[in-house]
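A short worksheet on the structure shown next.
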Amino acid sequence: MSSFDLADWLLDIWILATASLVAASCAMVGVFLILRRQALMGDAISHSVLLGIVLAYLISGSNSLWVMLLGAVTIGLITAWLSESLHKVSRLQSDASIGIVFTLLFSIGVILVSLYTGQIDLDQECVLYGEIAFVPFDTIIWGDMETGTDIGPRAFWLILIVFLIVLISITLGFERLKTVTFHPSLALSLGISIPFWHYFLMTLVSMTTVASFDAVGAILVVALLIIPAASAYLLAKSLKSMLWLAVLYSQLSVWIGYALSYWLNSSIAASIAVSAGLLMIVTLLIMQIRKVQQKRHYLQQLNTEQA
Amino acid sequence: MSNQIPLQVEQLSIRYHHKPVLTDVSFSVPAGKTVAIIGPNGAGKSSLLKGIMGLTPVIQGNALFYGKPLAEKRLTTAYVPQREEIDWDFPIDVMDVVLMGRHGQLKFWQRPSQSDREIAEQALKDLQMWDFRERQISQLSGGQQQRVFLARALAQQASLYLMDEPFAGVDVATEKAIIELFKQLKAKGNTVVCVHHDLNTVSEYYDYVVLINSRLIAAGPTDEVLTQDNLNKTYGGRLSLLNDLTEQMYRSRLDNAHDSD
Amino acid sequence: MNGFEPYPEIGFMQQAWHHLAVFWSFEDINATWVLIGSLLLGMSASVIGAFAFLRKRSLLGDALAHAALPGVMMAFLLSGSRDAEVIFFGALLSSLLGFWIIDWLPKNTKIKPDAALAITLSFFFALGLMLLSYIQTSEMANKSGLDKLLFGQAAAITEDDIQLLIWVTSIVLLTVLVFFDKFRLISFNRLYAKTLGVHVKFYEVLLAIMIVLSVVVGLQLVGVVLMAAILLTPIAAARFWSHQLSTLLILAALFGAISASLGAQISYVAPAMPTGPWIVVSLSILFFISFIFAPQQGLLKRYLDYRQLKQRVVQENILRTLYKLLEREHFQRNHFTLAEITALRSVSTADLTRSIQRLIKKHLISEKSNGYSLSEEGLLKAIKLTRRHRLWESYLSQHADLNSEQVHQQAERIEHILNKEQEEQIVAELMEQLDPHGAPIPKLPSQNLRETKNK
């Protein structure tokens, strides 16, 4: 009996570890999306990545980590490039061209998923929720199929790789990313290539969304990209503190969300996203209350001075 | 280097969609002077600076910095944009903004060194902003924000400074600080080119004037060029036929369709 | 959870045709209702989406559709019923709340409009999914089919839903019809509308409510996730066809109706197929067709125009070159070889001969044994062009302070578009009648001059 408990406990650990890494990667990338006012591009890429995954699977016939990453990054960059070109050539507003491109790519993805349901390891449900509860069961065997050792869930290793890539990229490129984000025209006048860093960021977004896909699905990942970063934006005084705060918010969301899902017996991924939103609401509430208090304090001071 | 021309603009043309913003503007700027670019609203002053810095696409013409294209002379050129351009809510403090001026010298993985910090410190002190170094930029007044931008340009240690309306909407203290800065830069033999809109102060602040209104009207030393006749030409309306036809040309895409002979 | 049935491999197409035949024979009353519903929805969503597009808030509909989800789930949780009206009311409330948040956040906090949209969209959607997963694991009766709201399922629609749909879309379309002028005004220029004393806030809220209504009522058919496209893509496609707002709206409505009914049919024929994605795909196809083939602003038309212009320019340049040669020979010789032409104009010989053939076809030049010569008509045209070129050169050099090389460059281009009035204006503003290179500006030959020449 006790060994069964241990197994159960291990499952929880795997789920939580995967969710934490997903949330942390999303939060870090999201910071730059918020600051560069490309929240909607994040939304678009996270949708169209579905098509990348399905196509990669259909073309290669395998669902190995690297094929998925490649497919997703390709489609992610295509989304960014197509939206931009459509905006330039047709003179549509940029958000309109983003909307047209991602709804189309996502639709094709969903249609393919429904056409091949049963033949590929995807269905409409997991597009939406992800299947973080099932993450621990899809494991990687190291070495021989029979004699090799089980080294843990596939989704966990994928997000770990992506998390490390994101972390290293942001650490190394921190100063450049800061300049490009804060003041594009200064960056340009200093000779920094804006398109390079733009597509660099889009690559990170695509990788993060595909790695999060198994865990939280295509749409909830938007919440994890945008909401913790936006909460951090409300408080942060420097880019570094914004990154730390965003990661902190994301981890809190994971823990609260996990508890919430346990309590309500609801989807873990959705509950984590909801918790991120709730934390933001709490932050906003505290800020508004303090604003009112400051105002009252100020008025009181004025009154006493007059008296 | 000082005997060369810091900035030479050759036949620069810029358009916005089909509208000609600037057509065939050519002038050059002498070293060690303060230069004002003057013209009515919508005459293309800011676009001229942006075109020179490669921030906005030009359809024709180019700018040479000490006889070389910008790519080779980036480190000697500093650009101060208009304040409205950026998100002042951005989580960043004054010191970090000024340190950005040092990025031209650094590889992407490098962090600012101690000497970079000292340069930034000096720049902040020159503009009396050292006490504000830890402030978040949203907590600064308009004039202080302008001084941060100027300090950042100063930290670039350039020899040519291009500024887009540095005096717009600033307080008296900042205005004085900017004039002081001009004197310092000139003393070091540096060149300052500003978009300026206040005609009353031109002759006081600047040695050299470039008058534009869609086209170049005149360029030269302030006392020679700032004549009533030239001002009338600059502010007295545009050559409508010229602009109409240029616009028509862009609209029909003739400029591309035409073979160059 | 209800998994989706994989398709039976054999007999699928026959079955599909059969379904389609039933659909269009109007025997199946439900199918007819679905068709009418989807047509109306396509129209109303496209029309109301057009105003969001014109107000540069293209993705507002996307956020509002996502925001409807938790309202639907809440309404179901609280009432336990799946009545169309109850669900509609819940969705309406939460969508409006979403609209308010999207508006409130950028005004009261540092958060920018695009982030506000993404925050609202993803938070409400997550909330909806959380409630949905809670409902699905709970013991509630009647809960199946709620998940069809995500991608839309035309086949699962009930008659109740359709009736509500018809009512609401009619209201939306009528409202647009009645307030067309006001909506246009505030979409075009909000501030100006305010100075006119128009109650802008009222119409903005009205417009928002109309968007919310269309979105909410369309959830069953299109689904939450892809509602954005049916609001946005039709007007974006229509924009390539016209500049007239009323025409645009009619076209957008047409595109929306076609796509919505197509999607509904596909989903009806193959019930496991979600409707929304098919609507979006057919809309996108319409969009790209418009983008490429629209008669005025399509990519193809723009390319063809450009090519035509290029040809015209080459031809006109040849005419002017021939005139220049004629001038050089003091009008004594009117036949010139290809070599003489290319000496003055650097055009590839292939291009040149092709253009010359075209000019010959137009009887502007004629081919003789000793070369090419300008015809009467060609000469007239060449004179006109040369005159314009030189007029413009002298105008530029007198007014714009340019050197003669720059002046020539400009005139090379402008000569092709100068019209008669502009030519007269230049003449009026010119002080001397010599071009800056010293060549005389030819006068247009008057009628009698031509006659004498003919003799």
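The values are calculated or read from the model by the stated rules, or taken from the named source; none is laboratory data. All values derive from a computational prediction rather than experimental measurement. Positions of Cβ are generated from backbone atoms using ideal geometry, with glycine treated the same way; all protein chains shown enter the neighbour counts.
Side notes on the structure shown:
- Among residues that are surrounded by 19 or more Cβ atoms within 10 Å (Cβ to Cβ) and modelled with pLDDT under 85, residue C:323 is not included.
- Looking only at the range C:109-157, and only at residues there that are in a loop (DSSP other than H, G, I, E, B) and among the charged types (D, E, K, R), the one that is surrounded by the fewest Cβ atoms within 10 Å (Cβ to Cβ): C:139
- Selection from the range C:235-252 of residues that are more than 8 Å from chain A (Cβ to nearest Cβ) and surrounded by 24 or more Cβ atoms within 10 Å (Cβ to Cβ): C:235, C:237, C:238, C:249, C:252
- Residue selected from the range A:237-260 under the condition within 11 Å of chain C (Cβ to nearest Cβ) and crowded, with 24+ Cβ neighbours inside 10 Å, by the criterion farthest from the chain's Cα centre (by Cα): A:257
- Applying the criterion of being β-branched (Val, Ile, Thr) and surrounded by 24 or more Cβ atoms within 10 Å (Cβ to Cβ) to the residues of the range B:81-96, the residue that is farthest from residue B:196 (Cα to Cα) is B:92.
- Residue in the range A:68-76 that is crowded, with 16+ Cβ neighbours inside 10 Å, within 14 Å of another protein chain (Cβ to nearest Cβ) and closer than 30 Å to residue B:57 by Cα present: no
- Counted residues, the range A:261-294 - those being over 21 Å from residue C:121 (Cα atoms) and of a type outside the set (Ser, Thr, Tyr): 12
- Lone qualifier among B:173, B:218 - being surrounded by fewer than 21 Cβ atoms within 10 Å (Cβ to Cβ), among the hydrophobic types (A, V, I, L, M, F, W, C), assigned to a strand (DSSP E or B) and modelled with pLDDT of 85 or more: B:218
- Meets criteria (under 24 Å from residue B:38 (Cβ atoms), in a strand (DSSP E or B) and touching a strand residue (DSSP E or B) at 6+ places or on another chain (Cβ under 9 Å)) for residue B:153: no
- Scanning the range A:88-97 for residues that are more than 7 Å from chain C (Cβ to nearest Cβ), under 25 Å from the mean Cα position of the chain (by Cα) and farther than 14 Å from residue C:287 by Cβ yields a single hit, A:94.
- Yes/no for residue B:139 being free of Cβ contacts under 8 Å to residues at least 12 places away in the same chain, within 12 Å of another protein chain (Cβ to nearest Cβ) and either at negative phi or of a type in the set (S, T, N, Q) (or both): yes
- Checking C:283, C:232, C:226 one by one, the residue that is in contact with a Gly (Cβ under 6 Å, 6 or more places away or on another chain), at pLDDT 90 or above, within 14 Å of another protein chain (Cβ to nearest Cβ) and closer than 25 Å to residue C:91 by Cβ is C:232 and no other.
- Residues (β-branched (Val, Ile, Thr) and not in a helix (DSSP H, G or I)) located in the range C:181-233: C:198, C:224, C:225
- If you go through the range A:210-235 and keep only what is surrounded by fewer than 24 Cβ atoms within 10 Å (Cβ to Cβ) and either closer than 30 Å to residue A:109 by Cβ or more than 9 Å from chain C (Cβ to nearest Cβ) (or both), you end up with just A:235.
Here is a yes/no grid of residues against (1) crowded, with 20+ Cβ neighbours inside 10 Å; (2) within 9 Å of chain B (Cβ to nearest Cβ); (3) part of a helix (DSSP H, G or I):
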| residue | (1), (2), (3) |
| --- | --- |
| C:387 | yes, no, yes |
| C:393 | yes, no, yes |
| C:396 | yes, yes, yes |
| C:406 | no, yes, yes |
| C:412 | yes, yes, yes |
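- One residue stands out in the range B:232-255 among those that are facing chain C (nearest Cβ under 7 Å) and either under 20 Å from residue C:313 (Cα atoms) or not in a helix (DSSP H, G or I) (or both): the one that is modelled with the lowest pLDDT, namely B:239.
- Odd one out for residue C:379 among (1) away from chain B (no Cβ under 11 Å); (2) under 30 Å from residue B:22 (Cα atoms): (2)
- Enumeration of residues in the range A:156-197 that are at the interface with another protein chain (Cβ under 7 Å from one of its Cβ atoms) and in a helix (DSSP H, G or I): A:172, A:175, A:176, A:179, A:182, A:185, A:186, A:188, A:189
- Qualifying residue in the range C:199-214 (condition: under 22 Å from residue A:93 (Cα atoms), touching a helix residue (DSSP H, G or I) at 6+ places or on another chain (Cβ under 7 Å) and within 11 Å of another protein chain (Cβ to nearest Cβ)): no
- Within the range C:239-283, the set of residues being among the polar types (S, T, N, Q) and assigned to a helix (DSSP H, G or I) comprises C:246, C:247, C:259, C:261, C:265, C:267, C:275, C:282.
- Condition check for residue C:289: among the aliphatic types (A, V, I, L, M) and in contact (Cβ under 8 Å) with a residue 60 or more places away in the chain: no
- Matching residues in the range B:27-48 - criterion: being among the polar types (S, T, N, Q), more than 22 Å from residue B:223 (Cβ to Cβ) and either touching a Lys or Arg at 6+ places or on another chain (Cβ under 6 Å) or surrounded by fewer than 21 Cβ atoms within 10 Å (Cβ to Cβ) (or both): B:41, B:46
- Within the range B:89-112, not a single residue is out of contact with any strand residue (DSSP E or B) (no Cβ under 7 Å at 6 or more places or on another chain) and at positive phi.
- Boolean, residue C:289 is under 14 Å from the mean Cα position of the chain (by Cα), at the interface with chain A (Cβ under 10 Å from one of its Cβ atoms) and within 28 Å of residue A:50 (Cα to Cα): no
- Answer residue from the range C:340-356, given it is over 38 Å from the mean Cα position of the chain (by Cα) and over 12 Å from residue C:322 (Cα atoms) and is modelled with the highest pLDDT among those: C:353
- The set of residues from the range C:67-96 being in contact (Cβ under 8 Å) with a residue 24 or more places away in the chain and either over 28 Å from residue C:156 (Cα atoms) or of a type in the set (Gly, Ala, Ser) (or both) comprises C:67, C:68, C:71, C:80, C:81, C:84, C:91, C:94, C:95.
- Complete set of residues in the range C:30-48 that are in contact (Cβ under 8 Å) with a residue 24 or more places away in the chain and either surrounded by fewer than 24 Cβ atoms within 10 Å (Cβ to Cβ) or facing chain A (nearest Cβ under 10 Å) (or both): C:30, C:31, C:33, C:35, C:36, C:39
- Lone qualifier among A:289, A:281 - being surrounded by fewer than 18 Cβ atoms within 10 Å (Cβ to Cβ), part of a helix (DSSP H, G or I), more than 9 Å from chain C (Cβ to nearest Cβ) and at pLDDT 90 or above: A:289
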